[in-house]
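To start, the structure itself, in structure tokens.
The values are calculated or read from the model by the stated rules, or taken from the named source; none is laboratory data. Just so it is clear, the structure is predicted and the values come from calculations on it, not from any experiment. As a convention, Cβ positions derive from the backbone with ideal geometry for all residues, glycine included, and neighbour counts pool all protein chains shown. Accessible surface is based on the protein model in full, side chains and every heavy atom, while ligands, DNA and RNA are left aside. Shrake-Rupley method; radii C 1.70, N 1.55, O 1.52, S 1.80 Å.
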Amino acid sequence: MSNPAAPAPILPPETKHTSVFSAVVIVAALGYFVDIYDLILFSIVRVQSLNALGVTDQAAVTSQGLYLINMQMGGMLLGGILWGVLGDKRGRISVLFGSILLYSLANIANGFVQTIDQYAWLRLIAGIGLAGELGAGITLVAESLPKEKRGYGTMIVATVGVSGAMLAYWVGERFGWRNAYFIGGGLGLALLLLRVSVYESGMFEQAKRSEAVRGRFLDLFTNGPRLAKYIKCLLIGVPLWFVVGILITLAPEFGRELGVQGEVTAGLAVFWCYFGLVFGDFASGGLSQIWRSRNRALQVFLVFCGLMVAAYLFGLRGASTTTFYAVCFVLGLSVGFWALFVTVAAEQFGTNLRATVATTAPNFARGSVIILAPTFQLLTGPLGLIGSAAVLGVVSLLIAFWSVSTLPESYGKDLDYLEVS
């Protein structure tokens, strides 16, 4: 069994990058920037693209939009396992190359779709590709920086990365939904040229020379304490995708339900939410370093998120669109713990399973939309739009808070060890 409290070194520690602005961090940040652009683009162009494909009835736009989101998130569930296992078996760099190539080509193809079925299958393929970028990048950064600085490195990755959503909004508004997909795919292909400047993790190279089995996904389920820790890591990220996948993606529907004075657009809601996420990721990562505690920073942000979900659902009736978007901004700020959540997942496990966990954890959290969306629709009948969202918000936030509170603290943890079956 593994003993993370007293990890056994793999080999003598490798030389690490000492600067948080090293090539590894910069390339991972730019990669996540393009990843977020492509990931969130559908939420921005949902109404525009579905209208262009002949879906104009409001109820159909909502239902078809949730269907396409589920296809994309289903792809991310599959891709999370695929790229996570490959990251531990073949290396972190190979995942960065393969995943970005797949989602770039899929998004270019998205610009040519003529039917909902074509759209759905390409969102599935794009989702598989999008699943690899963040986990591999965070793993590479965590293994390449000194343990006292890795929180700052992942903070930079997240802060730069989530701003990709704002570019997606600007491009989608000015160039149309088809061109937005073409541009996103082109940015991804251009990013491949920067990958040549990044070297493989030294810890992974050492693990390759050991006899430990790497990237065996089922090993996460054969050890009780390890499985419990893994599930807790997954659950921490669910509230963010409740906010983005339900509250923000369906902002037009919530705006009408709340009687907001003026038309609410999903594109602007996403823009302001992710603008808030930029500052939130910076703040949560910085606080985890200043307080020398990942768990304390996560707990504070989860409480903050709960307050903002309540403000969104119960404090905006009859508000102006300006007030609505301001709340979306602060709501985004409150869920700005995404990279910190992935960092915690990476820090909880040994080198031979680290990429598997760091890649599957965010994608399973994203994939929770597949459960959240139909549950939301099911509860909307008896509880209404607001009541359904309130129930899901309370449940997801309470479970995430419990998960954080029962995980071992990982700040400053030495990552140079292996999980033993």
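For LEU218, the test of being without any contact (Cβ under 8 Å) to a residue 12 or more places away in the chain and in a helix (DSSP H, G or I) is passed. Within region 363-409, the only residue that satisfies the criterion of being without any contact (Cβ under 8 Å) to a residue 40 or more places away in the chain and open to solvent by less than 10 Å² (accessible area, probe 1.4 Å) is SER388.
Taking ALA311 as the residue in question, decide whether it is within 26 Å of GLU253 (Cβ to Cβ), part of a helix (DSSP H, G or I), open to solvent by 40 Å² or more (accessible area, probe 1.4 Å) and modelled with pLDDT of 95 or more.
Here the answer is no, as ALA311 does not meet what is asked.
The number of residues in region 243-273 being within 15 Å of MET308 (Cα to Cα) and in contact with a Gly (Cβ under 6 Å, 6 or more places away or on another chain) comes to 1.
One residue alone among ALA266, ALA207 is at pLDDT below 90, closer than 21 Å to ARG46 by Cβ and open to solvent by less than 50 Å² (accessible area, probe 1.4 Å), and that residue is ALA266.
Taking region 189-204, which residues are assigned to a helix (DSSP H, G or I) and either buried (at least 17 other Cβ atoms within 10 Å of the Cβ) or hydroxyl-bearing (Ser, Thr, Tyr) (or both)? Listed by number, the residues that qualify are LEU191, SER197, GLY202, MET203, PHE204. Consider GLY412 against the criteria (1) over 27 Å from GLY74 (Cβ atoms); (2) small (Gly, Ala, Ser); (3) open to solvent by 10 Å² or more (accessible area, probe 1.4 Å); (4) in contact with a helix residue (DSSP H, G or I) (Cβ under 8 Å, 6 or more places away or on another chain): it satisfies all of them except one. Which criterion is unmet? The one condition GLY412 does not meet is (4). Where helices (runs of 4 or more DSSP H) fall entirely within region 82-167, those with at least 3 residues that are in contact with a Lys or Arg (Cβ under 9 Å, 6 or more places away or on another chain) and crowded, with 24+ Cβ neighbours inside 10 Å are at 92-110, 133-144.
Just one of PHE182, PHE217, PHE221 is open to solvent by 30 Å² or more (accessible area, probe 1.4 Å) and out of contact with any Leu (no Cβ under 9 Å at 6 or more places or on another chain); which is it? So that I can check it myself, show each step before the final result.
Working: PHE217 fails: out of contact with any Leu (no Cβ under 9 Å at 6 or more places or on another chain); PHE221 fails: out of contact with any Leu (no Cβ under 9 Å at 6 or more places or on another chain).
Going through PHE182, PHE217, PHE221 in turn, just one is open to solvent by 30 Å² or more (accessible area, probe 1.4 Å) and out of contact with any Leu (no Cβ under 9 Å at 6 or more places or on another chain): PHE182.
Looking across region 44-65 at every residue that is closer than 15 Å to GLN377 by Cβ and open to solvent by less than 10 Å² (accessible area, probe 1.4 Å), the one that is nearest to the chain's Cα centre (by Cα) is identified as GLY65. Only a single item in (1) in a helix (DSSP H, G or I); (2) surrounded by 24 or more Cβ atoms within 10 Å (Cβ to Cβ); (3) at pLDDT below 95 is not met by CYS305, and it is number (3). For region 100-112, does any single residue satisfy the condition of being within 19 Å of VAL47 (Cα to Cα), of a type in the set (A, V, I, L, M) and under 17 Å from the mean Cα position of the chain (by Cα)? Among the residues of region 100-112, not one is within 19 Å of VAL47 (Cα to Cα), of a type in the set (A, V, I, L, M) and under 17 Å from the mean Cα position of the chain (by Cα), which makes the answer no.
Filtering LEU234, LEU247 for residues that are in a helix (DSSP H, G or I), open to solvent by 20 Å² or more (accessible area, probe 1.4 Å), under 29 Å from MET155 (Cβ atoms) and not polar (S, T, N, Q) leaves a single hit, LEU234.
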